[in-house]
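Coordinate-derived values only; no laboratory data. In this text the structure is predicted, and so the values were computed from the model without any measurement. FYI the Cβ positions are ideal-geometry reconstructions off the backbone, even for glycines, and counts take in every protein chain you see.
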């Protein structure tokens, strides 16, 4: 009986040890890749909140999660010594609040395909010498976001936006780095 109780503990310990080692390896590999993320007038963003009430703390928390996510994911798509600067000019989370549904639904974000995630940004990718490899303005949209099966947990309130970011990073920077390696 004690063995049955011990197995989940040992497995969780091993998983934690493997995760920590993998994170350290990834951090070391990405040490020479810099990602800067800036939010331009976040108080004017279209929709960044987790309730129908607009809270500055709520917005800051969600945007910090997005910033950390981009800083974690972008280096995977960058070559050694590159720097990526991103300015996010507008952010609109997937879904919306529908107050006409009544008070009991006031703080429930309704996710429908008519409310896709949107991110408007500017970016600049430079090499280790400061030469601009790519820059531009992008309007990220995914009208099929409801049909995607992202690898992001379904309980993550930013899963649709993170998937949008993943798709952009993969598409944009894979092509750039293929050109650079030729």
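Below is a table of values for the structure above.
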quantity	calculated
Antiparallel content of DSSP bridges confined to segment 34-181, in %, to 5	75 percent
Segment 34-181: relative contact order in percent, alpha carbon pairs under 8 Å with at least 6 residues between	24 percent
Separation of the residue 56 and residue 122 label points, Cα + 7 Å toward Cβ, nm	2.5 nm
Label point distance in nm, residue 68-residue 139, each placed 7 Å from Cα along Cα→Cβ	3.2 nm
Stretchable slack from residue 107 to residue 80, in nm (0.36 nm times residue separation minus alpha-carbon distance)	5.3 nm
For segment 34-181: rounded, prolate or oblate by the Cα gyration tensor [a/c cutoff 1.5]	prolate
